[in-house]
1. Scan region 1-27 and report the pairs whose first residue is touching a residue at least 12 places away in the same chain (Cβ under 8 Å) and whose second residue is open to solvent by less than 80 Å² (accessible area, probe 1.4 Å) and β-branched (V, I, T), with Cβ atoms within less than 6 Å and a gap of 6+ or a chain change.
2. Looking at region 84-105, which of the residues that are more than 20 Å from Y156 (Cβ to Cβ) and exposed (fewer than 15 other Cβ atoms within 10 Å of the Cβ) is modelled with the highest pLDDT?
3. Taking A68, is it open to solvent by less than 20 Å² (accessible area, probe 1.4 Å) and either free of Cβ contacts under 8 Å to residues at least 24 places away in the same chain or more than 26 Å from L23 (Cβ to Cβ) (or both)?
4. Cβ contacts < 6 Å: first residue in contact (Cβ under 8 Å) with a residue 60 or more places away in the chain, restricted to region 149-166; second residue of a type in the set (G, A, S) and surrounded by 13 or more Cβ atoms within 10 Å (Cβ to Cβ), any location; separation 6+ or different chain. Result?
5. Looking for whichever is modelled with pLDDT under 95, assigned to a helix (DSSP H, G or I) and more than 30 Å from G136 (Cβ to Cβ) here; the options are L44, L36, L16, L81. Which one fits?
6. Mind listing just one residue for me: the one in region 139-154 that is part of a strand (DSSP E or B) and in contact with an Asp or Glu (Cβ under 7 Å, 6 or more places away or on another chain) and, of those, farthest from L81 (Cα to Cα)?
7. Can you name every residue in region 145-173 that is surrounded by 13 or more Cβ atoms within 10 Å (Cβ to Cβ), within 20 Å of A95 (Cα to Cα) and out of contact with any Phe, Trp or Tyr (no Cβ under 8 Å at 6 or more places or on another chain)?
8. Which residue out of G129, G136 is more than 28 Å from V69 (Cβ to Cβ) and not in a strand (DSSP E or B)?
Amino acid sequence: YFGWREAAPGQRIGTLTARFTRLELPRSRAAEVESLLESSPQALPALDVHAEEFVLFDRRLGSLSLRAVNSAGGARPVWTLEQLRIEHPSAVFDAHGTWAPVSFGSGRATQLAFGLDIADAGRLLALYGVEEAVRGGAGRISGELHWSGSPLAFDYTTLGGQMRMQIGKGQFL
């Protein structure tokens, strides 16, 4: 289902609303999404996306809720992620932030404030291929991170920020 809402006061263009039973983004299509988001702010609407099942790079992450807007940032848009929520039986991820042109040089940088509420750390790690390392484990990881490049790909060489972690009620195997 797709819908369109006219621009609200202060918005240059309206909002595209999308509701999916399943939304899948394979790694091979990530560059296409990034280049689309590089378009001028006048060309791209705000986004309000919900998916019952979200698959990112072959990982079934659970349900997705995303609200993002772009605004003029000189010649290139600044994407503001108002809400990103991914709900999986093992954890719930909430975040907000920006994907904006860097101050010096060319390219873009991602800034993200997040919270990850973990119900089962072992199951969450297994989702990322780390199986039989932890049994159970509940807690919270939160922080603020920044890196050069897209929100779809961490650049570990430029990754910085702060994280807080409180985990308990589990067992290292």
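The values are calculated or read from the model by the stated rules, or taken from the named source; none is laboratory data. All figures in this text were calculated on a predicted structure; none of them were measured in a lab. With ideal geometry, Cβ positions are generated from the backbone for all residues, glycine too; neighbour counts draw on all protein chains shown. All accessible areas refer to the heavy atoms of the entire protein, side chains included, with ligands and DNA or RNA removed. Shrake-Rupley method; radii C 1.70, N 1.55, O 1.52, S 1.80 Å.
1. If the second residue must be open to solvent by less than 80 Å² (accessible area, probe 1.4 Å) and β-branched (V, I, T), the pairs left are G3/T17; R5/T15; A18/V49; E24/V55.
2. P89
3. Values: open to solvent by less than 20 Å² (accessible area, probe 1.4 Å): yes; either free of Cβ contacts under 8 Å to residues at least 24 places away in the same chain or more than 26 Å from L23 (Cβ to Cβ) (or both): yes.
Yes, satisfied.
4. Short answer, once both residue conditions are applied: L152/A30.
5. Values: L44 fails: assigned to a helix (DSSP H, G or I); L16 fails: assigned to a helix (DSSP H, G or I); L81 fails: assigned to a helix (DSSP H, G or I).
Testing whether each residue is modelled with pLDDT under 95, assigned to a helix (DSSP H, G or I) and more than 30 Å from G136 (Cβ to Cβ) leaves just L36.
6. Here is the first cut: in region 139-154, the ones part of a strand (DSSP E or B) are 139-148.
After this cut, where a residue has to be in contact with an Asp or Glu (Cβ under 7 Å, 6 or more places away or on another chain) as well, the list is 140, 147-148.
Details: R140: 21, W147: 15, S148: 16 Å.
Per the stated criteria, the residue is R140.
7. The answer is H146, S148, G149, L152, A153, G161, I167.
8. Values: G136 fails: not in a strand (DSSP E or B).
Criteria check complete, one pass: G129.
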